[in-house]
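Okay, structure first, notes after.
Readers should treat all values here as calculations from the given coordinates under stated rules, not as data from a laboratory. All values derive from a computational prediction rather than experimental measurement. Backbone-built Cβ (ideal geometry, glycine too); neighbour counts: all protein chains shown.
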């Protein structure tokens with residue numbers, strides 16, 4: 001999907017989008033330090049968006065995204081929580097967009113797609129994309145379990161963080177229940193931390209309808225998503241080795257397979273230069 005892609009294409013495509021009206025408001029200059037509120041805001045509703053791009057066009061899209069689309073979305077009440085390359089898939093772009101609640105999502109998206117910024121740049125954005133419909137609409141698994149980020153947006157000349165994020169997606173035949181949430185909190189999360197993972201967010205599928213159908217999401221699915229972070233590639237490699245050596249993790253992998261309906265889907269992400277990231281130096285986020 002494209003066009004209202006990234007932000008969405010007149011057909012059913014999408015890509016980046018989110019915000020209220022932007023009408024003729026000029027894009028803020030990303031070269032300036034964009035300090036956000038000192039008190040972290042809550043973004044319990046999240047879109048996990050994974051795009052397939054034309055070969056060799058990812059950096060072009062990221063440059064456009066960081067220059068034109070971040071501040072306008074955030075000015076309209078949404079939050080670009082993370083945007084990243086997927087090193088193992090050179091034509092993939094992944095990002096998370098947060099909302100204060102489900103009710104605010106459709107007005108924000110309508111405002112953005114009807115505004116001047118998207119109208120000015122949608123053709124350039126959509127030209128980089130093959131598909132943008134791989135989207136999960138999620139909510140926090142438990143109150144406060146969502147993504148916690150740095151309160152300051154890096155500027156356009158920032159050096160990308162060395163941090164590595166791994167998004168794990170577990171699929172279920174029915175909505176994720178309290179029994180699984182307890183199993184994850186009591187068994188899976190401690191074992192993952194023991195292997196070196198820092199778990200910063202957990203989400204489940206949002207049961208409410210997609211009230212902005214111009215941006216399709218994966219419907220009729222039930223997933224649990226957790227996001228782990230590592231200080232750098234070396235820390236991630238050490239953690240992977242620890243997972244492979246751990247008898248307890250092998251036991252839990254078997255149990256996870258028993259409870260789910262598909263193999264675990266994992267995506268290793270390298271945040272782009274202007275992406276928000278958690279402060280990894282303070283230890284585990286949860």
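What the table shows:
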| quantity | calculated |
| --- | --- |
| Pair list, Cβ < 7 Å and 6+ apart or interchain, from the stretch 106-124 residues that are surrounded by fewer than 16 Cβ atoms within 10 Å (Cβ to Cβ) to residues that are assigned to a helix (DSSP H, G or I) | 124/64 |
| Matching residues in the stretch 154-172 - criterion: being more than 22 Å from residue 88 (Cα to Cα) and in contact with a helix residue (DSSP H, G or I) (Cβ under 7 Å, 6 or more places away or on another chain) | 156 |
| Cβ-Cβ under 6 Å pairs, at least 6 apart or on other chains, the stretch 177-191 side within 18 Å of residue 258 (Cβ to Cβ), far side part of a helix (DSSP H, G or I) | 188/252; 191/248; 191/249; 191/252 |
| Among residues of the stretch 249-262, those that are over 15 Å from residue 176 (Cα atoms) and surrounded by 14 or more Cβ atoms within 10 Å (Cβ to Cβ), counted | 3 |
